[in-house]
Amino acid sequence: MTEGSIIKVSGPLVVAGGMREANLFDVVRIGEAGLIGEIIEMHGDKASIQVYEETAGLGFGDRVVSTGEPLSVELGPGLLTNIFDGIQRPLEAIFGKYGSNITRGISEPALNREKLWHFVPCVKRGDAVVSGDIVGIVEETELVLHKIMVPAGVSGTIEEIAEGDFTVEQTVCRIASESGPRALSLMSKWPVRRARAYAKKLAPEEPMITGQRVIDSMFPIAKGGTACVPGPFGSGKTVVQHQLAKWSNVDLVVYIGCGERGNEMTDVLREFPELRDPHTGHSIMKRTVLIANTSDMPVAAREASIYTGITIAEYFRDMGYSVAVIADSSSRWAEALREMSGRLEEMPGEEGYPAYLTSRLAQFYERAGRVICLGTDKREGTLSAIGAVSPQGGDLSEPVTQATLRIVKVFWGLEAGLAYRRHFPAIHWLNSYSLYKDRLEPWFREHVGRGFSEAVAEAMRLLQEESELDEIVKLVGADALSPRERLTLEAARSVREDFLQQNAFDPYDSYTPLDKQYRLLCLILSYYAKSLAAVEKGADVQALADMKVRERIGRAKSASDDTYRSDFEAIEKELDDEIETILQA
């Protein structure tokens, strides 16, 4: 244990002397209160430390003690349903013990040391095990079986294992390894800055279904993929991420509120326990870990919250689960990096951000992926990383957005103009893209329908053509358009308003199954195709635009999940009847 003393305090940065024996990224305790910090730079015996708590009151000569260990997270039963701060302190436990004001220097274990968990072995005495093998399970919640794994770098023979109730610190299994006997408990630790090992990385092949039509149909993300959601203030970034956390078909969600406003995190904390998982009916918190780091907390803790969240997600991925990490937002983390870089007097990059900004962002997103986990059973796990970006004034050319776009494969570009028109999700169809579409097409053909990709391509063509025709309309008016072009505008408007627009408060519109998405899009395109054929037979375009059935098409997205097939068939029949009536007039 190395002990030194403060020689400089500059906001969240503390410089300590006499720290020659300390290591980079060691956790340190500072001052009488024992504030938590992490060494981020070493020059001789001087250590530059970013402090994860308020540094007011620290002064020259105050004691600094290195723990000799890197910043690590506790991994074990009790993570799910819990709410942690950026350095994995359990906020509910702290509230119950210390009240609503978290004083500096509080050190509370992340996992409850007294709670008993029922451990059921999966192996028996004498069995050979290797790194990653599952030795037993704990039912953490009704939705998730917590799998206790052999730590990385350990292999041998099971000497002793027992079923029963244990705390996270008690030994549940002993392994005779080459380096000697090894005792395993329900809990393990892992350094947050080090990615967890896996056997093999695979290319993503299955979409992460979110129930959001503009995402699933137009710009899908693969399980194990990466995506970013940039947009100006008020464009709905947080709502999009909430929807992804609520509805995505993943086994677990790790939601990181990185430097977000307190009221937004409060919404998450209030809503999530009340929400029901659409696949199981249980509370969504049964499969969720929340990392709450708000804008009024010390800026250095933003970086810790990002690494804490991704490490917890990797741990559950290694069990063979599909995990989604949702970070809101990486811009706040980048701002913290800029502040720390400035205080370290480093050479600034563009707009004052550090030159290593892209590298740091890449380290986060590159930990996503679809992998074969360690262990003899060759189980498969996926980790999808989705980050919000908050460019000032919605300027997507700023450094954080551009650095993120060079890394991720999906871009959901939010636009303030759509949000002001109350079009949500405000993801603009002409600015966004997904580089997974071609890879995921075989899956959609097999599981949704052979015509799904063609229907989406036709809808995108209509939207693109509408954009071009809008320029003509603005110049010379709609009367200058041909009947076919006027019909294209009507069909494109239907795609925008009746398909892409979704109401998060409507129980049947908030989440749309893939089959319903396909049938709804086919219904809208059917209106376009049949109306086009009617125009060629001499039908009046305005009469086709004013058909009563169009209102039913507009309301079709709110059809019950149990009845939408029959409802859509009835609408299709009504469409045929009305067109026939117009042709006979």
| query | Quick one: accessible area per residue over the stretch 96-223, 1.4 Å probe, rounded to a whole number of Å²? | reply | 48
| request: For the stretch 1-145, calculate the relative contact order in percent as a whole number, restricting contacts to Cα pairs under 8 Å that are 6 or more residues apart. | output: 20
| message | Assuming 0.36 nm per residue, please report the length gained on full extension of the stretch Met347 to Lys378 beyond their Cα-Cα distance. | response | 6.6 nm
| note | Output for the stretch 530-578: trypsin sites (Lys or Arg not before Pro) sitting in coil per DSSP, at most 12 other Cβ within 10 Å, listed by number, reads Lys537, Lys548
| field | Under 12 Å from the Gln170 label point (7 Å along Cα→beta-carbon), backbone N, the stretch 75-113 | value | none
| task | Using label points projected 7 Å from each Cα along Cα→Cβ, tell me how many nm separate Ser397 and Ala543, to one decimal. | result | 5.2
| remark: Taking a crude spin-label model, label points 7 Å out from Cα along the C-beta direction, the Glu160 to Ser177 distance in nm is 1.8
| field | Filtered chymotrypsin sites (Phe, Trp or Tyr not before Pro), the stretch 482-561: DSSP coil and at most 14 other beta carbons within 10 Å | value | Phe505
| Against the longest alpha carbon principal axis of the chain, how many degrees, from 0 to 90 and to the nearest 10, is the axis of helix 330-343 turned? | 40
| message | Counting just the Cα atoms, what span does the chain cover along each of its three principal axes? Round to the nearest Å and put the largest first. | response | 92, 57, 42
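Just from its helices, what would the mean residue ellipticity at 222 nm be for the chain, if runs of 4 or more DSSP H residues each count -39500 (n - 2.57) and the sum is divided by every residue, rounded to the nearest 500 deg cm²/dmol? List each step's numbers first, then the result.
Working: 15 runs with 187 residues, N = 585.
Theoretical 222 nm ellipticity from helices: -10000 deg cm²/dmol.
Where the convex hull is taken over the Cα atoms of the stretch 79-156, what is its projected area averaged over directions, in nm²?
On the way: hull surface 28.6 nm².
Value for the stretch 79-156: 7.2 nm².
Counting only other residues whose beta carbon sits under 11 Å from that of Gly126, what net charge do I get with K and R as +1, D and E as -1? The partial results should precede the final answer.
Details: positive: Lys124, Arg125; negative: Asp127, Glu159, Glu160.
With Lys, Arg at +1 and Asp, Glu at -1, the neighbours total -1.
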| field | Cut-off 15 Å, label 7 Å out along Cα→Cβ of Ser10, residues of the stretch 26-41 by amide N | value | 40-41
| Helix 483-494 vs. the chain, principal-axis angle (Cα, 0 to 90°, nearest 10) | 30
| field | Segment Arg125-Glu32, extension gain: residue separation times 0.36 nm, minus the distance between their alpha carbons | value | 28.6 nm
| said: At 7 Å along Cα-to-Cβ for each site, give me the label-to-label distance between Ser558 and Tyr420 in nm. | reply: 2.7
| task | Give the relative contact order (percent, whole number) for the chain; include only Cα pairs under 8 Å separated by 6+ residues. | result | 13
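Please find the FRET efficiency linking Lys201 to Thr280, where r is the Cβ-Cβ separation and R0 is fixed at 30 Å, and quote it to the nearest 0.05.
0.50
Would you mind getting the Kirkwood hydrodynamic radius of the stretch 395-468 from its Cα pairs, rounded to one decimal in Å? Intermediate values should be presented prior to the final figure.
Numbers: mean 1/r = 0.0696 Å⁻¹.
Averaging 1/r across every pair of different Cα atoms and inverting gives 14.4 Å.
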| note | As straight-line cross-link partners of Lys97, the qualifying lysines (C-alpha separation under 27 Å, not fewer than 8 residues apart within one chain) are Lys115, Lys189, Lys286
| task | Express in nm, to one decimal, how much length is gained between Glu92 and Ile472 on full extension, taking 0.36 nm for each residue of separation and deducting their alpha carbon distance. | result | 130.9 nm
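The values are calculated or read from the model by the stated rules, or taken from the named source; none is laboratory data. These figures come from a predicted structure and were not determined experimentally. Note: ideal-geometry Cβ built from the backbone for every residue, glycine included; neighbour counts use all protein chains shown. Note: areas computed on protein heavy atoms with side chains; ligands, DNA, RNA excluded. Shrake-Rupley method; radii C 1.70, N 1.55, O 1.52, S 1.80 Å.
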